[in-house]
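Colleague: Take a look at this one; I'll ask things after.
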Amino acid sequence: MTARRACPPAVGPLEGYAARFDEVFGSLAQRRGFREYLTGLLLPRERNKTLTALAGAEPVVGAGAPAVQRLQFFVSESAWDAEAVNARRLELLAADAATAPHGQGVLVVDDSGDRKDGRATAHVARQYLGSVGKTDNGIVTVSTLWADERVYYPLHVAPYTPAGRLPGGGQDPAFATKPQIAVDLVAKAVAAGVGFAAVVGDCCYGPSETLTLVAALEAAGLPYVLALRPRMKTWAPANDAHSPVEAAQALSWRSRRRPGGWQQVTRRLRDGHTETWWAGDARLAGWGPDRAVRLVVATTDPATLPEHSTWYLVTNRPRPDHQSPQSALPAADLAEVVRCYGLRNWVEQGYKQVKHELGWADFQVRSTTAIRRHYILVCCAFSFCWQAVITDRPPTVAHPHQPRRPTRQSPREGAHPTVHIGQTETDATLADHTTTHPRLANPGHTAATLLASLVQRAPTTPTPGPAHRRRYRPPDTRLPPALTNHR
């Protein structure tokens, strides 16, 4: 049997991570492309992480450079299986005790949209985009994320194709709504052996929108905690509550001494501080504390039910005092229901990291194959951040004086210096990008820190050969502020 040719190593600890994917790729070129793509995603850049930026080439004019064309072929045309790469990524996370999913975490379902121009790119259409808060031309992706109080990471992702992009419209066999896509992604998580206390989603995936996801979870016997729209109207007798808000008001809050149907719940956030919330089992239509599905309301102020800090949740996890012997679902008191839904907010933090630091929406490819591959590669970079942060604290670089901001040169003033991956000048520049909170549950904002740690372990001699040269532009030293209070 012919020995496998050695692949040029990735810089620093990234090589140890990338090497564990080698069996998934069938050629040296694919293994090298995987390393180069991840390195480009992780390196701090002052412009969007398009293919030219990932390869370190000049924008527009550098599109024809060999390094750019090599990455273009790798993500668009090379024969490798993105699902197999993602499966290996999840295997690595599960094999590490620090990141392995367990039954106390949650499986978050959500979607996110980003602007994209034109219609030549797959899945792009005029639709509502959560990132901009309005209808615009763009692409929407449905995803699942696993989270507990310490760790969170994406599991599976799938782009949504609007009916208008398909020949048969909404009746086309290939059309699937976002909740239908979510059902498929939840099934993949279960098949991968991911444990969780509940499937969690906002009101876009709750009963107020569609019964698709709820029905699928009920049929599969999976626990869920899903949000309702506050003023969703339901049928009920004239004297009963007709919306979640009315059901919450029926819990009869008077004061802290006379809370009515409300109970005090303490939420403990990851940074160590606590918040006092109030929660209660309400009744609405067929939902109630003694029913198969409960309506739980949680809020910071039962008297006013503030819009931005009040949750209306349905769950099929029974109350401890109404646990049925026939039910296989674990019981959950009010504090547990609130805890599960509170973990949903990690998905919002994850979007900030993959989009702001790792280039989630910066791709310049058009086919659905290439788009899906890009998403999986970003997920691989995100998972590397987690495993590097948890297993090895990035060192803090001691500066004898305040580092001076690099001076930008225009093309007229002189060409940008050419350096090699692993070269000392690159190490020094990246090392300046350390952060003050490298062990926060915030791998996106520590991407630069991780590469500072990474390059400090890198070879101090250039990697020979023109294939590993890149055009270097000094990165922006400004970093987003650390977000320490996640709710």
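Colleague: If I filter segment 149-166 for residues that are within 18 Å of the chain's Cα centre (by Cα), assigned to a helix (DSSP H, G or I) and at pLDDT 90 or above, do I get at least one hit? Break it down into steps so the answer makes sense when it comes.
Modeller: As a first pass, look at segment 149-166 and keep what is within 18 Å of the chain's Cα centre (by Cα): 149-160.
Those left that are additionally assigned to a helix (DSSP H, G or I): none.
Taking every residue of segment 149-166 in turn, none turns out to be within 18 Å of the chain's Cα centre (by Cα), assigned to a helix (DSSP H, G or I) and at pLDDT 90 or above.
Colleague: Quick test of your reading of the structure: THR310 fulfils all but one of (1) surrounded by 20 or more Cβ atoms within 10 Å (Cβ to Cβ); (2) more than 32 Å from the chain's Cα centre (by Cα); (3) of a type in the set (S, T, N, Q). Name the failing condition by number.
Modeller: (2)
Colleague: Hey, another quick one. Just a yes or no: is a residue in segment 269-285 β-branched (Val, Ile, Thr) and crowded, with 17+ Cβ neighbours inside 10 Å?
Modeller: First pass over segment 269-285, keeping only residues β-branched (Val, Ile, Thr): 274, 276.
Now narrow it down to the ones that are crowded, with 17+ Cβ neighbours inside 10 Å: none.
No, segment 269-285 has no match at all.
Colleague: Among the listed residues LEU329, LEU295, identify the single one that is assigned to a strand (DSSP E or B), hydrophobic (A, V, I, L, M, F, W, C) and over 13 Å from TRP277 (Cβ atoms). Working first, answer last.
Modeller: Values: LEU329 fails: assigned to a strand (DSSP E or B).
It is LEU295.
Here's the yes/no breakdown for (1) in contact with a strand residue (DSSP E or B) (Cβ under 7 Å, 6 or more places away or on another chain); (2) assigned to a strand (DSSP E or B); (3) closer than 25 Å to ALA241 by Cα:
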| site | (1), (2), (3) |
| --- | --- |
| TRP278 | yes, yes, yes |
| PRO289 | yes, no, yes |
| VAL347 | yes, no, no |
| LYS352 | no, no, no |
| LEU358 | no, no, no |
| VAL365 | no, no, no |
| ARG373 | no, no, no |
| PHE384 | no, no, no |
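Colleague: So which of LEU358, LEU377, LEU343 is aliphatic (A, V, I, L, M), within 22 Å of GLN104 (Cβ to Cβ) and either in contact (Cβ under 8 Å) with a residue 60 or more places away in the chain or surrounded by fewer than 21 Cβ atoms within 10 Å (Cβ to Cβ) (or both)? Lay out the reasoning, then the answer.
Modeller: Values: LEU358 fails: within 22 Å of GLN104 (Cβ to Cβ); LEU377 fails: within 22 Å of GLN104 (Cβ to Cβ).
The match here is LEU343.
Colleague: Oh, and also: Which pairs do you get when a residue that is at pLDDT below 80, found in segment 262-275, comes within reach of a residue that is among the β-branched types (Val, Ile, Thr), reach meaning Cβ atoms under 6 angstrom, with the pair 6+ apart or on two chains?
Modeller: ASP271/THR484
Colleague: Additional query: When you check SER131 against the structure, is it closer than 25 Å to LEU213 by Cα, touching a residue at least 60 places away in the same chain (Cβ under 8 Å), of a type in the set (Ser, Thr, Tyr) and not in a loop (DSSP other than H, G, I, E, B), yes or no? Step through it out loud before you land on a result.
Modeller: Working: closer than 25 Å to LEU213 by Cα: yes; touching a residue at least 60 places away in the same chain (Cβ under 8 Å): yes; of a type in the set (Ser, Thr, Tyr): yes; not in a loop (DSSP other than H, G, I, E, B): no.
It is false that SER131 is closer than 25 Å to LEU213 by Cα, touching a residue at least 60 places away in the same chain (Cβ under 8 Å), of a type in the set (Ser, Thr, Tyr) and not in a loop (DSSP other than H, G, I, E, B).
Results for (1) of a type in the set (S, T, N, Q); (2) crowded, with 20+ Cβ neighbours inside 10 Å; (3) in contact with a helix residue (DSSP H, G or I) (Cβ under 6 Å, 6 or more places away or on another chain); (4) under 21 Å from GLU357 (Cβ atoms), shown as yes or no for each residue.
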| residue | (1), (2), (3), (4) |
| --- | --- |
| PRO59 | no, no, yes, yes |
| GLN69 | yes, no, no, no |
| VAL75 | no, yes, yes, yes |
| ALA79 | no, no, no, no |
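Colleague: Go over the candidates ALA19, ALA29, ALA10 one by one and state the one that is crowded, with 20+ Cβ neighbours inside 10 Å, of a type in the set (Gly, Ala, Ser), farther than 17 Å from HIS374 by Cβ and at pLDDT 85 or above. Please lay out each step first, then the result.
Modeller: On the way: ALA19 fails: crowded, with 20+ Cβ neighbours inside 10 Å; ALA29 fails: crowded, with 20+ Cβ neighbours inside 10 Å.
Answer to the check: ALA10.
The values are calculated or read from the model by the stated rules, or taken from the named source; none is laboratory data. Every value quoted in this text rests on a predicted model; they were computed, and no experiment measured them. Reconstructed Cβ throughout: ideal geometry from the backbone, glycine too, with neighbour counts over all protein chains shown.
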